Amino acid sequence: MFTVKKLAVSTLLTGSLLFYPALHAVAETPQHVVKQQAGGYTVQVGDIMVTSFTDGSVAQDLHKLLRRTTAQNTDALLAKNLQTNPVEASINAFYIALPGHKILVDTGSGQLFGPGNGGRLIDSLATQGIHPQDITDILLTHAHSDHAGGLVKDGQRVFTNARVFVGKPDIDFFFNEENQKKTGYDQNYFDVAHKTLKPYLDAGKVMPFSGTSELLPGITGTVHPGHTPGSAFYTLESKGEKITFVGDIIHVAAVQFPQPNVTITYDEDQDGAASVRNQAFADFAKNRDLIAAPHLAFPGIGYVTRGERGGYLWVPVTYTNRDAK
Ligand SMILES: [Zn+2]
C-alpha cells in the first residue's frame, strides 16, 4: 500500500487525482527520476515462466510512514545503502504462464495514483503481447490501492475474463464499514477496496479463500493476517522448484531487512505485520526460498539470507540474458 494516510474522502471520490499519494507524501526525490521503458523480467521456476512487470515507481517519505523506528535510525540505515529519505519504491506485478491459465499476481495501482505515478502495468504486459482480456486468473495479495488499483479503469473491470482470488478476511474486513469505526484504519482503504473489487463481486468473479488452499494447479494460497486481515502469500511449485509471492511483508529493503520489527503506517495490525515478516524471513532464509515482492527494486525477485543481529539481507536474483542451451 502506498498513500498518504490522511486524505479527504471527497478527494478520493472525485476527479482523476484519486488517492494522490506520493506527491502529497514527499516534496521531491533527491535522485534523478527517469522514466524507463515499460517491460518485464523473466525467471524460470521448474517448467513455468514467471515474469515481473513494472507498474512504475513512487517516492516514499519514510519519516512519515515508518513506525517502530526513529528518523535518525531510519536515516542511518539508509546511509549504509547510500540512500537518503525520501526513497523510491517499485510497484511490481507478476505474470505466471501456466498451461491453460494466464495469471497475474496483483495489478499495480491503475489510475489511483494519478498521471505519471504507477499505472504502467498494461503497457508493460503489452511489450510481451499480453492483453488484459487474456488474463484468466488474478491472485490478489491484498486489497490495497497499489495491488488492486489496476483491476478497474473508469469504474469498469479491466480484466474482463479473469477470476480474482483474494484472502476472504480482506473481503469480510473491507466490506463491513463497522470495521473502520472499530479499528480506526483509514477510510480510504475501505473506499479503495470497494472501488476495485465491487465490479468483480457484482460479476460473480471473486473467489475468496481462507487458511491454505490449492487455488490452481501447482499454486497454493495462504492467508497471513497482519498487513491486512486477508493478506496472502501465493506459492507456485513446478518440478521441485518454487517461488513465493509475498505481497507487502516488506516495503523498504534498506530498513526492514536489517530491522524486521520496523513497521509501516499501512499495516492494519502492526504487531501482526512484524510477526509475519519475522517468521517469513526466518523460513525463507532457512529454506533458501525464491520470493517475489511488489515493492523491492524491480524486478523484486530474489532471496533472503541471515544478516547481523537478528537481521536479514536481500540477494536479488542473478540477472541472465542469453540464449538457453
Ligand atoms: Zn499494502
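Every number here is computed from the coordinates shown, using simple stated rules; none is lab data. Computed from a prediction, not measured in an experiment: that's the story for all the values here. Cβ: placed from backbone, ideal geometry, glycine included. Neighbour counts: every protein chain shown.
Ranked by how many other Cβ atoms sit within 10 Å of their own Cβ, fewest first, the residues His194, His131, His142, His224 fall in the order His131, His194, His224, His142.
Would you mind classifying the range 200-325 by shape? Square roots of the alpha carbon gyration tensor eigenvalues, ordered a ≥ b ≥ c; an a/c under 1.5 is rounded, otherwise it is prolate if a/b is larger than b/c and oblate if not. It is oblate, given that a/c is not under 1.5 and a/b is not larger than b/c. Charged neighbours of Asp248, selected by a Cβ distance under 11 Å, balance to -3 (K, R count +1; D, E count -1). In the chain, taking the dipole from charged Cβ atoms about the Cα centre, the farthest positive-side position among Phe175, His63, Phe257 is held by Phe257. Computed per residue of the chain from DSSP H runs no shorter than four, each worth -39500 (n - 2.57), the mean residue ellipticity at 222 nm is -7000 deg cm²/dmol. For the range 9-249, the antiparallel share of DSSP beta bridges with both residues in that region comes to about 80%.
Think of the chain as having a plus end and a minus end, set by charges on the Cβ of Lys, Arg, Asp and Glu; of Ala297, Val164, Val206, Ala297 sits farthest toward the positive end of this dipole.
In terms of its alpha-carbon gyration tensor, the range 130-242 comes out oblate; a/c meets the 1.5 threshold, while b/c is at least as large as a/b.
Among Ser210, Ser90, the order by Cβ neighbours within 10 angstrom, fewest to most, reads Ser210, Ser90. Under the rule a/c < 1.5 gives rounded, and otherwise a/b versus b/c splits prolate from oblate, where does the chain land using the Cα gyration tensor? In terms of gyration-tensor shape, rounded.
Under a Gaussian network description of the chain, with springs only between Cα atoms under 10 Å, the residue in Leu139, Leu215, Leu121 that fluctuates furthest is Leu215.
Of all segments of the chain bounded by GluC sites (Glu not before Pro) found in a DSSP loop with no more than 16 other C-beta atoms within 10 Å, the longest spans 29-176.
Going by neighbour counts of Cβ atoms within 10 Å, the residues Leu62, Leu290 line up, fewest first, as Leu290, Leu62.
Over 24 Å apart at the Cα level, from the set Lys239/Lys325; Lys35/Lys102; Lys168/Lys205; Lys102/Lys286, are Lys35/Lys102; Lys102/Lys286.
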